[in-house]
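The values are calculated or read from the model by the stated rules, or taken from the named source; none is laboratory data. Bear in mind the structure is a predicted one, so any value in this text is a computation, not a measurement. We place every Cβ from the backbone using ideal geometry, glycine too, and count neighbours over all the protein chains shown. Each accessible area value is taken on the protein alone, full model and side chains, heavy atoms only, with ligands, DNA and RNA left out. Shrake-Rupley method; radii C 1.70, N 1.55, O 1.52, S 1.80 Å.
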Amino acid sequence: MHPIAFHLGRFPIHWYGVMVALGFMAGLWTASRRGLRGGVAAEKILDLGPWLILGAIAGARTLYVISYWREEFADHPMEIFMIQKGGLVFYGGLIGSSLACIIYVRLKKLPLWKFADILAPSVALGYVFGRIGCLLNGCCYGRVCDVPWAIQYPNQSPIWRQHYGLGLVGEYDRSAPVHPTQIYESLLNLLFYTGLVWLYRWKKFDGQVFGAYLVGYALLRSFVEIFRGDYPQRYFGGLATPAHLVSIGILAAGAALLVLLPRARVEDRR
């Protein structure tokens, strides 16, 4: 856990912010290259970049603040704006960036689903970097476990405080061993990215890759959530996290696109 990358004078630059920035740059660059294969100029993808960044950050921070208002922000409302310390919920970012993309393509009169397919694999790639940022920041950690690859966090870290409050560790100990859920999700998203790139080359209709992304990521995220240990509350007797509930809606939306978009294409041909 190394939250601070370096300092610019007295201003600390956090690894979380660095990795999120790298994820955005990698995503936009690969999307611009992919767009050329679909007949979309790279400049149009790059012009969309600021819209996606602002939409993703606004959506991700909003959902995080809503989810953790009582624990982190009720007594310290100015912390809402301290995003360099972490605290972004991916599903909020996905919703925010999707809305920003819709607004952009409507204003520019561009094909929405073609753009969505171009961007979808790069979202998975960007998330690879983002989860490494979470690991360095010490957030999004896993449940206590005894697997050989378990990791421990430093004394006085947020996870240590949780474990100390539960009586799992002593005053001078590190945290208890936990699942490295950030690494799980980073590696799974890297594999997911390669699969989506392959699908893009063989897709049958516009929107197919984006729909597959929604379904695939909802399943991937739901699997990793089984090992998460950082949520203050769970549902259905402790079996489901808030992200599990959101995943149900995301999966349903993706499945609907995969069913309805081909039908709309057939109707347009008639």
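Looking at His2, His7, can you tell me which residue is farther than 29 Å from Val246 by Cβ, modelled with pLDDT of 85 or more and not in a helix (DSSP H, G or I)?
His7
State all residues of the stretch 90-105 that are open to solvent by 30 Å² or more (accessible area, probe 1.4 Å) and either among the small types (Gly, Ala, Ser) or at pLDDT below 90 (or both); if no residue qualifies, say none.
Phe90, Ile95, Ser98
Of the conditions (1) within 13 Å of Ser186 (Cα to Cα); (2) more than 12 Å from the chain's Cα centre (by Cα); (3) among the small types (Gly, Ala, Ser), Ala116 satisfies every one except a single condition; which number is it?
(1)
Kindly indicate the residue of the stretch 13-37 that is surrounded by fewer than 15 Cβ atoms within 10 Å (Cβ to Cβ) and of a type outside the set (A, V, I, L, M) and also farthest from Ile151 (Cα to Cα) among those meeting that condition.
The qualifying residue farthest from Ile151 (Cα to Cα) is Arg37.
Which residues, counting only those in the stretch 110-138, are open to solvent by 30 Å² or more (accessible area, probe 1.4 Å) and closer than 22 Å to Ile4 by Cβ?
Scanning the stretch 110-138 gives Phe129, Ile132, Leu135, Leu136.
In the list Ser186, Ser247, which residue meets the criterion of being closer than 20 Å to Leu63 by Cα and either part of a loop (DSSP other than H, G, I, E, B) or polar (S, T, N, Q) (or both)?
Ser247
How many residues are over 20 Å from Arg33 (Cα atoms), assigned to a helix (DSSP H, G or I) and either without any contact (Cβ under 8 Å) to a residue 60 or more places away in the chain or among the charged types (D, E, K, R) (or both) if we restrict to the stretch 109-145?
Total meeting the criteria: 1.
Of the residues that sit in the stretch 188-198 and are surrounded by fewer than 18 Cβ atoms within 10 Å (Cβ to Cβ) and in contact (Cβ under 8 Å) with a residue 24 or more places away in the chain, which one is farthest from Leu125 (Cα to Cα)?
The qualifying residue farthest from Leu125 (Cα to Cα) is Val197.
Is it true that some residue in the stretch 166-176 is buried (at least 22 other Cβ atoms within 10 Å of the Cβ), farther than 30 Å from Thr30 by Cα and in contact with a Ser or Thr (Cβ under 9 Å, 6 or more places away or on another chain)?
So far as the stretch 166-176 goes, yes, one or more of its residues are buried (at least 22 other Cβ atoms within 10 Å of the Cβ), farther than 30 Å from Thr30 by Cα and in contact with a Ser or Thr (Cβ under 9 Å, 6 or more places away or on another chain).
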